[in-house]
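Read through the structure below, which is laid out as structure tokens, and then see the notes.
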Amino acid sequence: MTTKKRTGAEAIIDTMQQQEIEYIFGVPGGNAIPLFDALVDSPIKFVLTRHEQGAIHMADGYARASGKTGVVFVTSGPGSTNVITGLFTANMDSVPLVVICGQQITANLGMDAFQEADISGISYPVVKHSYLIKNPNDIFRIMEEAFYLANSGRPGPVLVDIPKDVSSALVEPRPAGDLHLPGYHIPKEADMSALEHAASLLEQAARPVIIAGQGVIISGAEKQLLYLAEKLRIPVATTLLGKGGFPDHHELCLGMPGMHGTAYANKALDACDLVMAIGARWDDRIVGNKAKFCTRAKKIHIDIDASEIDKVIQADCSIIADAKPALEALNGILRRSNTTEWIKQIARLKKSFPLKYKKEGKLKAQYVIDEICRLSESRAIVTTDVGQHQMWAAQFCKTDLPRHWLSSGGAGTMGYGFPAAIGAQIARPDKTVIAIVGDGGFQMTLCEMATAFVQKLPVKVLLLNNNYLGMVRQWQSMFYDNRLSGVDLEGNPNFVKLAESYGWKGFRIKRSADVRRVLREALAYTQGPCLIDAEVEQHTNVFPMIPAGAGLCDMLLEAPKEKLEKPKGGT
Amino acid sequence: METVQNGTIKKHTLSLLVSNKPGVLIRISLVFARRGYNIDSLVVSPSQDPAFSVMNIVATGDSQTLDQILKQLNKLVDVLHARDRTGEDIIERELAIIKLRCTPEVRTDILQIARAFSCDVVDLSDKSVTFQISGKTEKLDTANKVFEPFGIMEMVRTGKLLMARGEEATA
């Protein structure tokens, strides 16, 4: 580090370079000008977005695709409040971000000055931690802490609010490595007696199932999970965020469990005598009615976050540890088990209850997803938005590799998928990146089409366009006597022309017969971003479905003939 | 509306050691508020080390939720320890200042009761008397009940103060 005095903003950039940050996403503003001024002399590349929400979702997609920390620069007031949805999204899904917000000068804090928002206060419930820097000499330490907190333990977003006078002040040089976090503990080694207990439960189980969550991917424990599953012959269900932590094409893979999961995953869970969640938090989309969840099964829970243990499901055996060392230790002591009959039963379930959709008639969203996944040979990075298309993509996109499936899970943020794809493409220029979106969510952040064009990124937006907010329409149709309310997206633009006006290539699919030809053409197009507007059947519903708050055994495989009761669980 | 979980509703006594920084109290109270837990009393004071503060919290809610709250408190970067001390044999004290309506006719009665509770008179006027009383929460509750018929004009309580016995650290 240089011994010359640096401004606060330069100190921030210095820390970024130490952290080997390559990209920053954001939008400038008055109180962030010192930060942007310091950027001019730095090799870090800045991606100017059209909206702060786009910036933070891009940083999020960048982080999920690469495992590195995503960085955002925004200004004070509205610049900072515009990233709240993105912070919430990243916090729910354990994504490492450092978000730097410009702020009014310290003398103006609390004075209702222009563009002054108490952003650190606003952020508390949706971040891993947040800082307001008032003393310039704290900058080096706080920045180092921010990066450490964001990408250690259970990762999450960290917000740093920096008043303009602090970023402009001169700061004392400071040696790196002087963190002061006495209240922050990362679990080290897994408890040996808990591991032995887990091993004996696993060995004794006749019908075990593993639920693998995103913790497996964050920890880089895919190989250890594969070894364990193959050694003991245990089927593995991957959560929405855990997709790619275990290969979807593997014979032991059950796909996604839960509300719109595969019937065989849900039936397997309902019948199992042991369920082990690894880096997964018994999300309500999977568990449904707690009283009816895996009633005959012993439960093992491996999680790095102690506050997840017994939060939803009481564990018979809990291991508070990082997934990779925990699985390594477990693999070291596991001997054998006999699940032959169970694996045969699983194979029968898979055969009897496959994922399916009607191919005849109008163009089906599932068919388009099925084909793009096949044509890209499951090698592309797929991002999604939230809603029907997300669930169909989770069902029909087969993901074999970690960090190749990016979706907003816990927060369910519409508008996430497209900017996340931009971030993922920046992180992985070697990859085909496909954003599968609906016409509702895409329009929430489509202003970033300009960003993709300027950055010359060959992202592909597969727009499953049904002119509806489809998932809400599905609920209204199934549970509210089809009284459609606020779901008709009349006034949608001509998306192909819109794409062209942003300098993109636009494709359109209207008929099933055109799907393969157009998708091939779009996948081959690498000169820049492209959009495929697929005009899909409007009234298709997502199945299987477990109504919110119901049990796994209450799963609907297709649209029921009789009227359904309103679900008791949340949305 | 959130349904109450299996645990029973009761008062819990918690002891925390936290960083002495602005915003820490908000982060802590947000954890309670989000789970519908009401904070009955809260004492914050500097610890021997000025970098840290001690917090004693009494809060009402069901026990199972409290386990979760404790874990979430311990997860906060600014919280060093959060412990449930309910029902443990530790030193518990609370102090109250009580202002009573007190005419010369009832003064003797009031002072007699005050003596029984080892109250100190801190202020006296022709129509009022103000006591300081300290002890366990239960003692203060009883004194409150006995003084009530005379007319309590004002009362303020510190909330529960906790200290572990012997050499053990409290938080």
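The values are calculated or read from the model by the stated rules, or taken from the named source; none is laboratory data. Only a predicted model underlies this, so the values are computations on that prediction, with no experimental measurement involved. Positions of Cβ are backbone-derived with ideal geometry, glycine not excepted, and every protein chain shown enters the neighbour counts.
Quick notes on this structure:
- Complete set of residues in region B:24-43 that are hydroxyl-bearing (Ser, Thr, Tyr) and either touching a residue at least 24 places away in the same chain (Cβ under 8 Å) or more than 12 Å from B:Leu73 (Cβ to Cβ) (or both): B:Tyr37, B:Ser41
- Across region A:153-200, the number of residues qualifying as more than 14 Å from chain B (Cβ to nearest Cβ) and touching an Asp or Glu at 6+ places or on another chain (Cβ under 7 Å) comes to 1.
- Filtering region A:1-39 to residues that are more than 31 Å from the chain's Cα centre (by Cα) and part of a loop (DSSP other than H, G, I, E, B) leaves A:Met1, A:Thr2, A:Thr3, A:Lys4, A:Lys5.
- Residue match in region B:69-85 (condition: away from chain A (no Cβ under 14 Å) and at negative phi): yes
- Which listed residue is under 28 Å from the mean Cα position of the chain (by Cα) and within 14 Å of another protein chain (Cβ to nearest Cβ), from A:Lys290, A:Lys350: A:Lys290
- Matching residues, region A:17-58, being more than 22 Å from A:Leu457 (Cβ to Cβ) and of a type in the set (A, V, I, L, M): A:Ala32, A:Ile33, A:Leu35, A:Ala38, A:Val40
- Look at region A:178-197: where a residue is over 18 Å from A:Ile278 (Cα atoms) and at pLDDT 95 or above and a partner is among the β-branched types (Val, Ile, Thr) and part of a loop (DSSP other than H, G, I, E, B), sitting 6+ places away or on another chain with Cβ atoms under 9 Å, you get A:Leu181/B:Val77; A:Gly183/B:Val77; A:Tyr184/B:Val77.
- Meets criteria (modelled with pLDDT of 95 or more, more than 11 Å from every other protein chain (Cβ to nearest Cβ), buried (at least 18 other Cβ atoms within 10 Å of the Cβ) and closer than 30 Å to A:Met414 by Cα) for A:Gly86: yes
- Number of the condition not met by A:Met449 [criteria: (1) in a helix (DSSP H, G or I); (2) buried (at least 22 other Cβ atoms within 10 Å of the Cβ); (3) out of contact with any Leu (no Cβ under 9 Å at 6 or more places or on another chain)]: (3)
- Among residues of region A:297-311 that are within 11 Å of chain B (Cβ to nearest Cβ) and without any contact (Cβ under 8 Å) to a residue 24 or more places away in the chain, those with a beta-carbon under 8 Å from a residue that is buried (at least 19 other Cβ atoms within 10 Å of the Cβ) and of a type in the set (Gly, Ala, Ser) at least six positions away or on a different chain give the pairs A:Ile309/A:Ala315; A:Ile309/A:Ser318; A:Asp310/A:Ser318.
- Verdict on A:Ile142 being under 30 Å from A:Asp248 (Cα atoms), β-branched (Val, Ile, Thr) and in contact with a strand residue (DSSP E or B) (Cβ under 9 Å, 6 or more places away or on another chain): no
- Within region A:239-289, being farther than 20 Å from A:Gly569 by Cβ and of a type in the set (Gly, Ala, Ser) holds for A:Gly242, A:Gly244, A:Gly245, A:Gly255, A:Ala268, A:Ala271, A:Gly279.
- Those residues of region A:100-123 which are more than 13 Å from A:Val83 (Cα to Cα) and within 14 Å of chain B (Cβ to nearest Cβ), in sequence order: A:Thr106, A:Leu109, A:Gly110, A:Asp118, A:Gly121
- Residue check for A:Phe88: in the same structural domain as A:Val47 (by TED's automatic domain parsing), among the aromatic types (Phe, Trp, Tyr) and in a helix (DSSP H, G or I): yes
- Count - residues of region A:366-425 that are within 23 Å of A:Tyr525 (Cα to Cα), of a type in the set (A, V, I, L, M) and within 12 Å of the chain's Cα centre (by Cα): 5
- Selection status of B:Ile110, under 19 Å from B:Leu161 (Cβ atoms), crowded, with 19+ Cβ neighbours inside 10 Å and in contact with a Cys (Cβ under 9 Å, 6 or more places away or on another chain): no
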